[in-house]
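Notes follow once the structure below has been shown.
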Amino acid sequence: MSFVSRISGGCVSFRYSFVIKALSSSGKVTGEGSVLMQGASYHLQGNGMEVWCDGNSVWTADLSSKEVVIEPATEDVLVNPALILSDLPRHFSWQSDYREGTFSSQPSRVFLLKPLLKSDMQSLELFFDSRGMELLGGRMLLKDNVSATFFISGLSVRETVTKFVPESFPSEWIVTDLR
């Protein structure tokens with residue numbers, strides 16, 4: 001798919017919002033933010049959190065509590081969301097066949113993906129515009145009947161390589177390094 005080749009070698013940026021809900025409950029969790037990613041590396045900002053991943057380590061900072069946890073990076077697409085877009089063929093099986101659908105009130109092409117690696121994710125639907133060129137968002141279903149829908153806007157790709165490691169944290173921050 002041309003979308004996969006377009007984002008595979010570049011530095012991708014976009015805004016996102018999401019809704020997570022249990023299928024057996026009326027409660028939900030929402031959020032929004034922005035992502036800058038290249039390969040398995042990313043920088044995510046949103047909901048009072050900031051996360052950096054250089055492909056080897058992940059720094060998760062809670063801005064209000066001034067705490068950061070550093071952990072090894074993982075291959076689990078639920079923990080490392082950059083892997084969903086950065087290397088689709090390695091993490092998901094999918095066919096070029098699509099079905100017509102609607103996403104966020106827009107006509108769309110819907111592609112169904114299945115995880116190739118062991119995961120709590122049952123499936124992932126990706127929604128593209130009616131031409132199949134622009135990613136509108138996705139919906140994942142987890143094995144515990146939780147649904148997560150995410151909306152993408154302003155996706156752009158450039159060739160610039162960005163450093164995905166945070167600057168040092170001020171001395172008053174609590175830093176827990178679990179690597």
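Within region 86-107, how many residues are under 20 Å from SER5 (Cβ atoms) and surrounded by 13 or more Cβ atoms within 10 Å (Cβ to Cβ)?
The total comes to 7.
So, VAL161, is that one more than 18 Å from LEU23 (Cβ to Cβ), open to solvent by 20 Å² or more (accessible area, probe 1.4 Å), in a strand (DSSP E or B) and among the hydrophobic types (A, V, I, L, M, F, W, C) or not?
no
Quick check: is even one residue across region 89-108 assigned to a loop (DSSP other than H, G, I, E, B) and either in contact with a His (Cβ under 6 Å, 6 or more places away or on another chain) or at pLDDT below 75 (or both)?
Yes, region 89-108 contains a residue that is assigned to a loop (DSSP other than H, G, I, E, B) and either in contact with a His (Cβ under 6 Å, 6 or more places away or on another chain) or at pLDDT below 75 (or both).
Taking region 1-13 as the search range and keeping residues that are of a type in the set (A, V, I, L, M, F, W, C) and open to solvent by 20 Å² or more (accessible area, probe 1.4 Å), which one is modelled with the highest pLDDT?
So the residue we want is VAL4.
If we keep just the residues of region 132-152 that are part of a strand (DSSP E or B) and open to solvent by 60 Å² or more (accessible area, probe 1.4 Å), which is farthest from ASP76 (Cα to Cα)?
The residue in question is PHE151.
What about SER13, is it more than 25 Å from THR176 (Cα to Cα), in contact (Cβ under 8 Å) with a residue 40 or more places away in the chain, polar (S, T, N, Q) and in contact with a Phe, Trp or Tyr (Cβ under 7 Å, 6 or more places away or on another chain)?
no
Here are some conditions: (1) buried (at least 20 other Cβ atoms within 10 Å of the Cβ); (2) modelled with pLDDT of 75 or more. LEU117 meets all but one. Which one does it not meet?
(1)
Just to check your reading of the model, which residue among LEU23, LEU83, LEU63 is open to solvent by 60 Å² or more (accessible area, probe 1.4 Å) and within 23 Å of PHE111 (Cα to Cα)?
LEU23
Let me confirm something: among VAL68, VAL35, which residue is surrounded by 18 or more Cβ atoms within 10 Å (Cβ to Cβ), farther than 19 Å from SER86 by Cα and aliphatic (A, V, I, L, M)?
Of the residues listed, the single one that is surrounded by 18 or more Cβ atoms within 10 Å (Cβ to Cβ), farther than 19 Å from SER86 by Cα and aliphatic (A, V, I, L, M) is VAL68.
Being acidic (Asp, Glu) and within 19 Å of SER96 (Cα to Cα) narrows it down to one residue among GLU167, GLU134; which is it?
Only one candidate passes the filter, namely GLU134.
Are there any pairs with C-beta distances below 9 angstrom linking a residue in region 114-131 that is closer than 17 Å to VAL146 by Cα and part of a strand (DSSP E or B) to a residue that is open to solvent by 100 Å² or more (accessible area, probe 1.4 Å) and at pLDDT below 90, with the two at least 6 apart or on different chains, and if so which?
Cβ pairs passing all conditions: MET121/LYS143; GLN122/LYS143.
What is the number of the single condition among (1) at pLDDT 90 or above; (2) β-branched (Val, Ile, Thr); (3) under 19 Å from ARG15 (Cα atoms); (4) open to solvent by less than 20 Å² (accessible area, probe 1.4 Å) that VAL77 does not meet?
(1)
The values are calculated or read from the model by the stated rules, or taken from the named source; none is laboratory data. Everything numeric here is computed off the predicted structure, so don't read it as measured data. Every residue, glycine as well, gets a Cβ built from its backbone with ideal geometry; the counts of neighbours run over all protein chains shown. Keep in mind that these areas ignore ligands, DNA and RNA; they rest on the heavy atoms of the full protein, side chains included. Shrake-Rupley method; radii C 1.70, N 1.55, O 1.52, S 1.80 Å.
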